[in-house]
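Read through the structure below, which is laid out as structure tokens, and then see the notes.
The values are calculated or read from the model by the stated rules, or taken from the named source; none is laboratory data. What you see is a predicted model; the values in this text were computed from it and never measured. Neighbour counts are summed over all protein chains in view; Cβ atoms, including those assigned to glycine, are modelled from backbone coordinates with ideal geometry.
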Amino acid sequence: MIQCYAPTTDDTNEEVDESYTELQCTINRVPNNDIIVVMGDFNVKIGQMHEDAHGAMGKSGFGQRNERADS
């Protein structure tokens, strides 16, 4: 299991990119036969959409969409 917390919208794009690069490096170190579970707070609000860009949220969205939801 990998637990992570992404930078907020107050952080720079460089800090966000660095965070996701570090997450990818961590994932790359996991042996191929292992199951990876990534969980955490990615500071994204998808809003009251029925479906996000990946179809993952369904009807459970809440609040207003923030700019991190578009990236």
Point to revise | Sole exception among (1) in contact with a helix residue (DSSP H, G or I) (Cβ under 9 Å, 6 or more places away or on another chain); (2) modelled with pLDDT under 60 for ALA6, by number | key: (2)
**Study point:** Cross-chain or 6+ apart pairs with Cβ under 6 Å, segment 5-23 first and closer than 17 Å to MET39 by Cβ, then modelled with pLDDT under 90 and surrounded by fewer than 11 Cβ atoms within 10 Å (Cβ to Cβ)
**Key:** TYR5/ASP41
